[in-house]
Amino acid sequence: MKNRVRTFGKKEKFTFTINSARGIRQVTLGQLARRFLTVSILVVLSALVIGSFLINFLYEEVTALNDKKAKLTREYREANNELQNLQMLLNEKNMQLSQVEAKISDIEMMVGLKPQKDEHLIKRVDIAKLTAAEKRFMLENIPSGYPLQYRGITSKYGYRIHPIVKRKEFHTGVDLKGGYGTPVYATANGIVEFSGYHKKSGYGNLLIVDHNFGFKTMYGHLKSIAVDAGTFVKKGDLIGHVGSTGLSSGPHLHYEVRHIQKTINPMRFMQWDMENYEQVFEKQRRINWDSLLKAAKSAMKIAQR
């Protein structure tokens, strides 16, 4: 119930009468307004406090998320840079691998192997290495290559008119051009069998080297000899110098290759190397190469132990 109350000298006030179980109360409009204002202020303050806490909490969460984002961004950039570096390294290794494969193919062709693209590279390398080692062993222990810097031939292997005695004779070697003092080298590993002046043969200062598997080489008309009999020489060792001793019309090297006392055309052995490895087997049929190759492989295995 609303009542209007007038007081002397004062403004009119509105009062409200409230009936409840607790009794009858009268409340003025001003009191209601103050209570409403107080409640509103408390509500607003509570909202501000709660909002402040929420804002502060959210700010901390956003800051933490930004820190995580920055960290993840740095890690991503570092990982991306590392990935790019690894990709560059992989590309470089792939290029190197391609170069290695090309070189292995060249080696396979050089040593007479048919490139097997489906074989693992390591296996191909092992096969090429083994084959190359076998061929190198053969070329080191059987006469191969030129005994001096090649400048040509003055007399071939076979029948000819001897330049000194002027009659037809079988020339058991080749005469290689060379000036006085031109270095002469061993064409294979071996033991020096003879070193000195050999008057009976007409070769003057003569060097005979006994090699493996029944081979011998002879170097005649030398100006000087650099090794004594019984000396072990390796392929490429200096053994003497070109001269014109014995029955000779001028400085040159008389070079012979023999197998089990039989003379062989030295040209086939002087031209023998890795690139034309097979040709000596095809052109020189007087030698039992099958048996010799088996013996050479066995000797190589023993030498490698």
I need LEU247, LEU37 ordered by Cβ neighbour count within 10 Å, fewest first. LEU37, LEU247
HN-Hα couplings for region 159-164 via Karplus (6.51, -1.76, 1.60; θ = phi - 60°), in whole Hz with x for Gly/Pro, come out as 5, 7, 8, 4, x, 9
Neighbour-count order for TYR185, TYR150, TYR76, TYR219, fewest beta carbons within 10 angstrom listed first: TYR76, TYR150, TYR185, TYR219
Within region 186-228, which trypsin sites (Lys or Arg not before Pro) sit in a loop by DSSP and count at most 12 neighbouring Cβ atoms inside 10 Å? LYS199, LYS200
Sort HIS252, HIS198, HIS241 so the one with the fewest other Cβ atoms within 10 Å of its own Cβ comes first. HIS198, HIS241, HIS252
Inter-site label distance for TYR76 and SER52 at 7 Å from Cα along Cβ, in nm: 3.8
Quick one: 3J(HN,Hα) in Hz for region 200-210, Karplus 6.51/-1.76/1.60 with θ = phi - 60°, rounded, Gly and Pro as x. 4, 7, x, 8, x, 5, 10, 10, 10, 10, 9
State which entries of LYS216/LYS262; LYS234/LYS294; LYS166/LYS283; LYS235/LYS283; LYS166/LYS262 exceed 19 angstrom in Cα-Cα distance in the structure shown. LYS234/LYS294; LYS166/LYS283; LYS235/LYS283; LYS166/LYS262
For PHE194, the residues 5 or more places away or on another chain with a placed amide H closer than 5 Å to its own amide H are ILE208
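Only the coordinates and a few stated rules stand behind these numbers; no lab work does. Note that this is a predicted model, so its numbers are computed, not measured. Don't worry about glycine lacking a Cβ; one is built from the backbone with ideal geometry, like all the others, and counts go over all protein chains shown.
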